[in-house]
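For reference, the structure discussed in these notes is given below.
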Amino acid sequence: MTSPLPTTVFDAGAFTAGLVGHNPLDPCKAALERARQQLDALFREGHDIRALVHMRAAVIDELLSAVWRLQPWPEPAPTLLAVGGYGRGELLPHSDIDILILTPQEPGTSYAEPVENFIRLLWDIGLNVGHSVRTLDECVDQAARDITIVTNLMESRVLVGSTVAHEALLAATGPDRMWPSREFLRAKWDEQIQRHRKFGNTEYNLEPNVKSSPGALRDIQMVGWVAKRHFGVSHLEALQERGFLSTDEMQQLQEGQAYLWRIRYGLHMLANREEDRLLFDHQRALARLFGFEDDDHRLGVERFMQTYYRWVLELGQLNEVLMQYFDEAILRACEPEQVMVINPRFRVRNGYIEVTNDKVFRRTPSALLEIFVLLAERSHISGVRASTIRLIRDSIDLIDDRFRADPRNRRAFMELLRSTQNLTPQLRRMRRYGVLGAYLPEFGRIVGQMQHDLFHIYTVDAHTLEVLKNMRRFQYPDAVEENPVVARSVRRLPKIELLYIAGLYHDIGKGRGGDHSTLGAVDAIAFCERHGLNRRDTNLVAWLVEKHLLMSSVAQRQDISDPDVIRKFAVEVGDSIRLDYLFVLTVADITATNPTLWNSWRAALLRQLYAETKRALRRGLEKPVDKQEWIEETQQSAIRVLEGLGFDEDEIWALWKETAEDYFLREKPEDIAWHTQAIAAHESRDDALVLVKESSDTLLDPATQIFVRSHHAPLLFAVLASAMEQLNLNIQDARLYQSHGGYVLYTFYVLDASGRPIGDDAARIQHIQHFIARQLQHVDSFPEIMRKRTPRQLRLFSTPTVTSLFTDTGKNQTVLEVITPDRPGLLARIGRIFYQYGIELQNAKITTLGARVEDVFFITDNQQRPIENPELCAEIQRAIKKELDEKAAV
C-alpha cells in the first residue's frame, strides 16, 4: 500500500491545477523533480525508509493517474494497473515502473493511439516505464506460460479504471485456475536456484547486487510470493499468525528489508539512475553517507560491507528456513513419513535430521555440536529440518564460556575435525546457523569481514572455509591428476586435523591491527591447549599459522634457482613433515584467495621450491649444495643432449665461452641445449635471435619461454617489456645474463591475457618471434608505451607506489621492490628509468595480485656492482614513484 503524501513532497491539488491549459510535460517534470529532492532530503535526514519507498510509489500513482485522465480514451475505457514491485507500492528513486493496461475485449475498439501518447509522455517525463497492453484472455494465456507474468499479476492493483475487471483478472489467474501452489513453489524455487547460481551461490560477492544476490531483496520477496500464492495472504505478518514465522524472524525480515532498501535508495541517489550493484566506488560513497569512518585497524568501507554481509547472511539463512518450511508444507505434504531414530536426541524424517523434541538443546546443550558430527558421519542425510534449524538459532545463547569449557564439547569439535567425510559442509552450516562463531568467538569476529581490494574476492570467513574445502579436495582421487604433488603431500600428513586447525586460524587475526599471522598464532595456541593437543602438535599448528605466507613469498619474490635461497628456506622449515604441511596449506590458501590468480606458473614455482627444499632436507642441512658442482652437473647434462644432436664437446665449449656462470645455475639443461643449438644455427651475429618455446604440456612448461640473444643496449629491457605488452603477454619472470662479447641473453617466462601458456600455436609463435625481432631493430630509441583504458576496478584501487631498495651482499646485487597498482606499460616505464640512471637489470620476479603488482628487480650499475650510494638510491625511488603515480593519475 502507498503512504499518504505530505504536500511538501507532492501537492496533488496544485499539480492538477497546473495541468489545466498547459502542456503537461513541464508540470510533470517539475513535480517529479520536486518530489525527488524532498524525498532525498528526508533520506539524508534518516527518515523511515519504508515511508519513503511507499511515498515514491504514491507520487507516481498521482502523476500517472493525472496523465492517464488527460487521454481521450474510447469507451469502454481500459484499466490502468500497477504490477510487480510498483503493484506492492514499493518504488526506489529509479526503479522500473511496471504497468499493465488492461483493455476490454471489445471488437473494433482501438486503443493504440491513446496508449502510444500516454506511454510516450511518460518516457518524455523521464520515467522508467515497463508496460504491457493486454486483454483479459491475453493475460491469462501469457500468465499460464510464464511464471514471471503470473507473479507480477498477483501483486497488481488498480490505479485508474474498473475494479471489477481487476478482480476478474485475479480470479482467472488464481491458483485454482493455473499455477497451483505446488507448481508455483517448484518453479519459483528453481528460479531462485538459478539466480543464486548466477552469483556463485554466495552472499559474499565483492560487488553484490542488493536486489538479486543471495540474501538480498529478491529472497525476501520470494517468501512473500509463496505466502501469497499458497495462503492467499497479502502481508508477511500473516505467516507469523500461522506459525511459519516467529516474532524474532518477522522482525529480522522487516529490519533486513529496511536495511537493504536504505542501501538501494542510496545507490539510486548516488548514481542518479537505476543501479542495484554495490560497485566499489559506491561502497565507499555509501560508507561515508552512513557514517562509517576509517580507524587505526580497518577502513570505514570494510566495516560498512561487513554490516551488509552479515545482514544478507542472516536474511539468506531465514530464506532457507522458510523455503524448507514451504517445501515440507506444500511440496512434501502428501509424502509418506519415513522416520529413523538415531539416538534419544535425534532422528531422520524423510531424509532430514531433526530433534526428537523441542527441548533437546535446552536439556542437552552439547547436542548443538553433536548434530553436526552426526551429519558428517551420515552422508545419506540431506540436511536439517527447518524446525530444528530454528531451534539451533534460538539456542545460540547456550554456547557460552561454560559450554566452551565442557570436555564433551571439545571432544565433539575435534571429532568433527577428524571426520573423513562431509567436514566442509558441516562447518559451512555451523557458520550459517551461528554455531561456529559462537563456539569460536575469534571466528565470529571475522564473519562478513571483507578486505577492500581485488586480490581477496571472499570475506575472511568465506575464504577460511574455502581453504578447508581445498584441503579436503586435495584428498579426493581425482586430485592426483589435477595436482599430483599436493595430493601426494597431503596423504603423507600424519594428523590431518592439524592442517585443518591451521587453516581455520591462518587469517583469524585480520582486522585487529598488527601482524595477523602473529595474532592468529596466539589464538591457535589457545585453541590447541583448550582441545588437549600435545605440545609438539600445538607448536606445529602455531608455526604453520605464523609462517603461512612464507612459502608463497619465497617462491614468488626470490630467486629459487639459487641454492643459498633454498638452503635458507630449508633451515626455516626444519624437516620434511613441516614442509608437507606448509606446502598443502600454501596451495590451499592461494587457490582460495582468488582462483583466477592461480595459474600454471605460480603452481610451478611452488612445486620447484617444494622439490628443491625436499632435496636439501634429504641431503642434510649440514651438507649444502656446492654452486660449482651444480653448474658442472648442468653443463654435463646439456652437453649430453647436444652430443646427441651431432655437436662435439669442443664446439659446445666454444659457443659457451662468453656465457656467464649464472646462466648454467638458473637454466635447465634441456633449455640450454635448445638455446645453444639455435645460436649455432643463427646466420647473422649482428641480428637478434628470438626463440619461443612450443609446448602443450603445462606441467613441464607452465609458462611460455621466450629466449632473446642480442647485442647489449641500455634500452633493451624497456623495448622488450613494451613489445610483450603489445603482444598481450604478461611477464612472470625475466632473467638476464651478460656475456663478455657484448651480448646479453634474456629468458622471459610469459602467460597470455587469460593466464595460460601460448602452447603449440605455431602461427602465434611465429608472429611473436617476428614482432619482437622487428622491435629490436629500433633498440636505441625509447619504446612506445602502450596507452590502454585502465579498467574501472583498477582505477578505483589506485594507491601511491611503494618502493624499497637494499643490497644483497651474497649475490652482490641491489634488490628493488616496487608495489604499485597494475596498469598498462608498467614494466616499460620502469625499464626507461633503469636506462636513465645507468641501471643494469639482472633478474626480475613479476607478481600481479588483483589490482596490485609486487615486482622485485635484481639490479646493478653498468659495472655490475650493487647500487649503494644512498642519495642515488633515494633519487631512483623518487623517479619511479613520480613516473608511475603521475601517469596513473592522467
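By how many nm would the segment from Arg34 to Gln628 lengthen if fully extended, with 0.36 nm per residue of separation less the alpha-carbon distance?
Full extension of this stretch gives 205.6 nm more.
Nearest 10 degrees, 0 to 90: what angle lies between the long axis of helix 600-619 and the longest principal axis of the chain (Cα atoms)?
Helix 600-619 sits roughly 50 degrees off the main axis of the chain.
Output the 0 to 90 degree angle, nearest 10, between the alpha-carbon long axis of helix 163-172 and the longest principal axis computed from the alpha carbons of the chain.
Roughly 60 degrees, rounded to the nearest 10.
Would you tally the net charge around Thr518, using a Cβ to Cβ cut-off of less than 15 Å, leaving Thr518 out, and scoring K and R as +1, D and E as -1?
Within the 15 Å Cβ shell, the charges total -2.
Provide the net charge surrounding Pro336, with neighbours chosen by a C-beta distance below 15 Å and charges set as Lys +1, Arg +1, Asp -1, Glu -1.
Net charge around Pro336: -1.
Counting only heavy atoms of the protein chains, get the accessible area per residue of the chain (1.4 Å probe) and round it to a whole Å² value.
43 Å²
Taking a 23 Å limit on the Cα-Cα distance, which of the listed pairs Lys469/Lys547; Lys668/Lys693; Lys547/Lys668; Lys29/Lys211; Lys188/Lys211 fall beyond it?
Lys547/Lys668; Lys29/Lys211
Set Lys and Arg Cβ to +1 and Asp and Glu Cβ to -1, take the dipole of the chain about its Cα centre, and tell me which of Gln421, Ala172, His131 lies farthest positive.
Positive-end residue among those listed: Gln421.
Leaving ligands, DNA and RNA out of it, report the carbon-plus-sulfur percent of the accessible area of segment 222-315 at a 1.4 Å probe.
Within segment 222-315, the accessible surface is 42 percent carbon and sulfur.
Hey, with R₀ at 25 Å, roughly what FRET efficiency would Gln864 and Ala678 work out to, going by the Cβ-Cβ distance, to 0.05?
The computed FRET efficiency comes out at 0.45.
What does the charge count around Leu465 come to, taking other residues whose C-beta lies under 12 Å from its C-beta (Lys +1, Arg +1, Asp -1, Glu -1)?
Here the count lands on +3.
Within segment 342-422, report the trypsin sites (Lys or Arg not before Pro) that DSSP leaves as loop and that have at most 11 other Cβ atoms within 10 Å.
Lys359
In Å, what Rg and Dmax follow from the Cα atoms of segment 87-191?
For segment 87-191, the Cα radius of gyration and maximum Cα-Cα distance read 15.0, 43 Å.
Multiplying the sequence separation of Gln836 and Glu875 by 0.36 nm and subtracting their Cα-Cα distance, what value in nm do you get?
Computed gain between Gln836 and Glu875 is 12.9 nm.
Hey, what angle do you get for helix 762-775 against the long axis of the chain, alpha-carbon based, 0 to 90 degrees rounded to 10?
For helix 762-775, the angle is close to 70 degrees.
Among the GluC sites (Glu not before Pro) in segment 370-451, which ones are in a DSSP loop with at most 14 other Cβ atoms within 10 Å of the Cβ? Mind listing them?
Those that pass, being in a loop and sparsely packed, number zero.
Of the peptides 9-15, 464-470, how do they stack up when ordered by the mean number of other Cβ atoms within 10 Å, highest first?
464-470, 9-15
Taking all protein chains as present, what is the carbon and sulfur share of the accessible area of segment 608-678, in % to the nearest whole number, probe 1.4 Å?
47 percent
Identify the chymotrypsin sites (Phe, Trp or Tyr not before Pro) of segment 64-155 meeting these criteria: DSSP loop state and at most 13 other C-beta atoms within 10 Å of the C-beta.
For chymotrypsin sites (Phe, Trp or Tyr not before Pro) across segment 64-155 that sit outside H, G, I, E and B with at most 13 neighbouring Cβ atoms in 10 Å, the list is empty.
How big is segment 150-197 by Rg and Dmax over its Cα atoms, in Å?
Gyration radius and largest Cα-Cα distance of segment 150-197: 13.5, 41 Å.
Can you give me the C-alpha center-to-center distance between segment 578-592 and segment 626-689, rounded to a whole angstrom?
Segment 578-592 and segment 626-689 have Cα centres spaced 36 Å from each other.
What share of Cα pairs, in percent, lie more than 24 angstrom apart in segment 325-470?
Result for the distance tail: 36 percent.
Between Asp394 and Gln475, what length in nm is gained on full extension when 0.36 nm per residue of separation is reduced by their alpha carbon distance?
Fully extending the segment from Asp394 to Gln475 adds 25.6 nm.
Need one word for segment 416-472: rounded, prolate or oblate. Basis is the Cα gyration tensor (sqrt eigenvalues a ≥ b ≥ c); a/c below 1.5 gives rounded, then a/b vs b/c decides.
oblate
Give me the percent of the accessible area of segment 36-105 that comes from carbon and sulfur atoms, probe 1.4 Å, all protein chains in place.
Here carbon and sulfur together make up 45 percent of the probe-accessible area.
Determine ³J(HN,Hα), in whole Hz, for all residues of segment 283-296 in sequence, where each value follows from phi through the Karplus function 6.51 cos²θ - 1.76 cosθ + 1.60 and θ = phi - 60°; x replaces Gly and Pro.
Per residue, the Karplus-derived 3J(HN,Hα) values read 4, 5, 5, 5, 4, 5, 4, 8, x, 8, 10, 5, 10, 5 Hz.
Could you work out the relative contact order of the chain? I mean the mean sequence separation of Cα pairs under 8 Å and 6+ apart, divided by the number of residues, in percent.
Answer for the chain is 6 percent.
Provide the three semi-axes, in whole Å and in decreasing order, of the ellipsoid equivalent to segment 612-769 as defined by the square roots of 5 times the Cα gyration tensor eigenvalues.
Three semi-axes, in Å: 26, 21, 16.
Work out the FRET efficiency for Ala405 and Arg186 from their Cβ-Cβ distance, taking R0 = 41 Å, and round it to the nearest 0.05.
0.30
How long are the semi-axes of the equivalent ellipsoid of segment 420-560, defined as square roots of 5 times the Cα gyration tensor eigenvalues? Whole Å, largest first.
22, 19, 18
The values are calculated or read from the model by the stated rules, or taken from the named source; none is laboratory data. Note that the coordinates shown come from a computational prediction; the quantities given were computed from them, not determined experimentally. So basically every Cβ, Gly included, is an ideal-geometry build from the backbone, and we count neighbours across all protein chains shown. Areas reflect the complete protein model, heavy atoms only, side chains present, ligands, DNA and RNA absent. Shrake-Rupley method; radii C 1.70, N 1.55, O 1.52, S 1.80 Å.
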